[in-house]
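Chemist: Pasting in a structure now, in structure tokens, and then I'll have a few things to ask.
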Amino acid sequence: MKRFWIVLIIVATAAPLAAQKIVREPSDPGRIIHLRTALNHLTVIELREPVVQVATGSQSFRVQWRENKVFVQPTESDASTNLFIWTASERLNYELEPAGAAAAMDFAVDQIPLIQPKASSTTPPQPSTTDILLAGKPVRLESAKPSRKAVEVVIRDLYEGDGRVLVRYAVRNRGSHAYEVTTPKVFALTGAHYPQSLYGLVDSQLGDQESSRLTTKQETPVPVLEGHVQSSHLAPGQESLGVVAVRLPSTTEPTVLRFQFANDDREQVAAFLVR
């Protein structure tokens with residue numbers, strides 16, 4: 001091995017520098033590259049990636065390789081043959097021409113590096129307010145009787161996108177004293193059971209009587225990404241709109257969500273959504 005590198009250095013430096021050429025070739029599996037050599041001279045082929053295997057059709061050329069370099073040296077003056085080089089991603093084809101004058105030989109053949117495409121800096125267009133509103137799903141209220149609670153929450157519609165669910169709701173104060181609206185805590189009800197199939201209630205809010213018939217095994221907190229309220233202070237007879245954004249895990253089954261608001265003086269304030 002050591003002797004090979006010594007011979008390589010001696011032969012490479014002994015040639016007349018002005019007469020030798022360095023060629024740059026593109027990568028093209030369908031092309032045959034003609035390689036001109038000279039006796040007592042090495043031609044070096046340097047590739048972009050390590051060489052896996054080489055094959056030549058004649059022993060009239062000495063062919064060796066190290067990593068991503070292939071060394072070709074003719075041993076006879078009138079012989080020609082073909083050469084194949086394989087890397088992990090491609091095969092390159094060469095025709096080794098008979099050894100000629102050193103002035104006309106290819107001293108080195110470099111493979112042209114691939115041009116990496118520039119990453120697009122354009123950001124996807126943000127949906128307009130109209131697009132968001134048109135993509136909303138209305139939520140119907142599943143209730144046999146009107147609510148008699150002093151503070152009632154009605155879920156209006158929901159919007160889904162980018163892995164988030166945005167819920168728009170209204171809080172009505174029918175009581176005799178003021179109520180402070182806050183962003184609700186959200187819980188996913190695991191193992192929820194209801195007298196009828198929940199599949200038919202997707203995108204529905206369960207009323208007071210209906211939610212009382214719901215049984216669950218446990219509650220799992222759902223991350224609240226953001227929340228906004230039109231007016232946090234509700235005097236008697238007033239109504240305020242609000243939105244809350246949550247991130248829900250993907251599932252193929254209906255999910256029951258409980259939106260827990262700040263309690264009124266006398267009772268809990270919550271809303272149940274099937275989605």
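Bear in mind that the values in this text are calculations on the coordinates, not laboratory data. What you see is a predicted model; the values in this text were computed from it and never measured. Every residue, glycine among them, receives a Cβ derived from its backbone with ideal geometry; neighbour counts consider all protein chains shown.
Chemist: If amide H atoms are built 1.01 Å from N in the plane of the peptide, which residues on other chains or at least 5 residues away come under 5 Å of the amide H of TRP65?
Modeler: Here the answer is PHE71, since their amide H atoms fall under 5 Å of that of TRP65.
Chemist: Let me ask you something else. How much length would be gained if the chain were fully extended between ARG266 and SER232, taking 0.36 nm per residue of separation minus their Cα-Cα distance, in nm to one decimal?
Modeler: Answer, rounded to one decimal: 10.3 nm.
Chemist: Provide the packing ranking of 191-198, 101-108, i.e. peptides ordered by the mean count of other C-beta atoms within 10 Å per residue, highest first.
Modeler: Sorting 191-198, 101-108 by mean packing, highest first, produces 101-108, 191-198.
Chemist: A further question on this structure: Read phi for every residue in the range 61-75 and hand back ³J(HN,Hα) as whole Hz from Karplus 6.51 cos²θ - 1.76 cosθ + 1.60, θ = phi - 60°, with x for Gly and Pro.
Modeler: My calculation for the range 61-75 gives 10, 8, 10, 9, 9, 9, 6, 9, 10, 10, 10, 10, 9, x, 10 Hz in order.
Chemist: Work out the FRET efficiency for ARG213 and SER176 from their Cβ-Cβ distance, taking R0 = 22 Å, and round it to the nearest 0.05.
Modeler: Rounded to the nearest 0.05, the efficiency is 0.15.
Chemist: Once phi is turned into θ = phi - 60°, what whole-Hz ³J(HN,Hα) does the Karplus curve with 6.51, -1.76 and 1.60 give for every residue of the range 186-192, x standing for Gly and Pro?
Modeler: Karplus-based 3J(HN,Hα) across the range 186-192 equals 10, 10, 9, 8, 7, x, 6 Hz.
Chemist: Go ahead and run the numbers for FRET between GLU95 and GLU46, Cβ-Cβ distance against an R0 of 22 Å, rounding to 0.05.
Modeler: Taking R0 as 22 Å, the efficiency between GLU95 and GLU46 is 0.75.
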